[in-house]
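Written out below as structure tokens is the structure these notes cover.
The values are calculated or read from the model by the stated rules, or taken from the named source; none is laboratory data. A quick note: this is a predicted structure, and the numbers were derived from the prediction, not measured. As a convention, Cβ positions derive from the backbone with ideal geometry for all residues, glycine included, and neighbour counts pool all protein chains shown.
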Amino acid sequence: MTEGLRERKKREMRRRLSDTAARLFLRHGFDAFRVADVAEACGVSEKTVFNYFPTKESLVLDQLETTMSALRAGLADSSVPPVRAALRILDAELTAITAGVAASGDPGSAIADYRRFGALIASTPSLRAYQSDTMDRFVTVAAEVLAERAGLGPDDPEPQIAAAALLGLWRVQFQSLRRHLATTSDPAKLHDEVTTDVQRAARLIEDGLTSSWPS
């Protein structure tokens, strides 16, 4: 029980730090806000922030590490086909976004903030580089897990191409979100439209992986 409480408090602090960084990022841009500003706003030391986040970029893009953990755990479950595991993670991430929009009380404003957040990332070279590097890590992790499932080496062609194909679904979801956020402020409609796009993409790779990938 004590360990569970400690872990819960750590998760809450991590979320608080990341949410505070996101607000400062939206308000001032990446270069203008400091890690020290986040620490001060949360009532902790700058060292505490770096205990949770090794870089300023990881503080802003905290969700990527959550995705990494979910990807590693989801693909390791040999009872679930790889595409299905990826779709579950993507749906959980999409649901978190649309639920946040719905709970905001002002979907239009929440969507505007989300779009601005994406635009700021796109205009910040260090964040784009961090995002790109992390996507490469995703492919590496996925290849390692899939290779272990199949009794292959992570550098073998099969896990490499399977991992690259699966991670392509994240790009599809990101692009679909950006496109549909420009046309709707209805969270339920947004969820349905993005899900449809991702499932269309998944069908292109699902038959090949399901029929050839060892379970």
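Which of the residues spanning segment 127-139 are surrounded by 14 or more Cβ atoms within 10 Å (Cβ to Cβ) and more than 13 Å from MET68 (Cα to Cα)?
LEU127, TYR130
What pairs can you find where one residue is in segment 71-96 and assigned by TED's automatic domain parsing to the domain that holds THR195, the other is among the aromatic types (Phe, Trp, Tyr) and surrounded by 15 or more Cβ atoms within 10 Å (Cβ to Cβ), and their Cβ atoms are less than 8 Å apart, with a gap of 6+ or different chains?
Going by the 8 Å Cβ cut-off, the qualifying pairs are LEU71/PHE138; PRO81/TRP213; PRO82/TRP213; LEU90/TRP170.
Kindly indicate whether any position in segment 95-112 is at positive phi and out of contact with any helix residue (DSSP H, G or I) (no Cβ under 6 Å at 6 or more places or on another chain).
Yes, there is a match, as at least one residue in segment 95-112 is at positive phi and out of contact with any helix residue (DSSP H, G or I) (no Cβ under 6 Å at 6 or more places or on another chain).
So that you can scan it fast, the table gives a plain yes or no per residue for (1) closer than 23 Å to PHE174 by Cβ; (2) of a type outside the set (Val, Ile, Thr):
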| position | (1), (2) |
| --- | --- |
| ALA21 | yes, yes |
| ALA32 | no, yes |
| ASP37 | no, yes |
| VAL44 | no, no |
| VAL49 | no, no |
| VAL60 | yes, no |
| GLN63 | yes, yes |
| THR66 | yes, no |
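Determine which member of the set GLN199, GLN175 is more than 28 Å from GLU57 (Cβ to Cβ) and under 20 Å from the mean Cα position of the chain (by Cα).
Going through GLN199, GLN175 in turn, just one is more than 28 Å from GLU57 (Cβ to Cβ) and under 20 Å from the mean Cα position of the chain (by Cα): GLN199.
Just need a number here: residues in segment 1-50 that are aromatic (Phe, Trp, Tyr), modelled with pLDDT of 95 or more and within 13 Å of ASP62 (Cβ to Cβ).
Selection size over segment 1-50: 0.
So that you can scan it fast, the table gives a plain yes or no per residue for (1) buried (at least 19 other Cβ atoms within 10 Å of the Cβ); (2) under 21 Å from ALA70 (Cβ atoms); (3) modelled with pLDDT of 95 or more:
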site: ARG149; (1), (2), (3): no, yes, no
site: GLN173; (1), (2), (3): yes, yes, yes
site: ARG179; (1), (2), (3): no, no, no
site: ALA182; (1), (2), (3): no, no, no
site: ASP192; (1), (2), (3): no, no, yes
site: VAL198; (1), (2), (3): yes, yes, yes
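Give ASP106, ASP37 a once-over and let me know the one that is over 30 Å from ALA201 (Cα atoms) and assigned by TED's automatic domain parsing to the domain that holds LEU204.
Residue meeting the stated conditions: ASP106.
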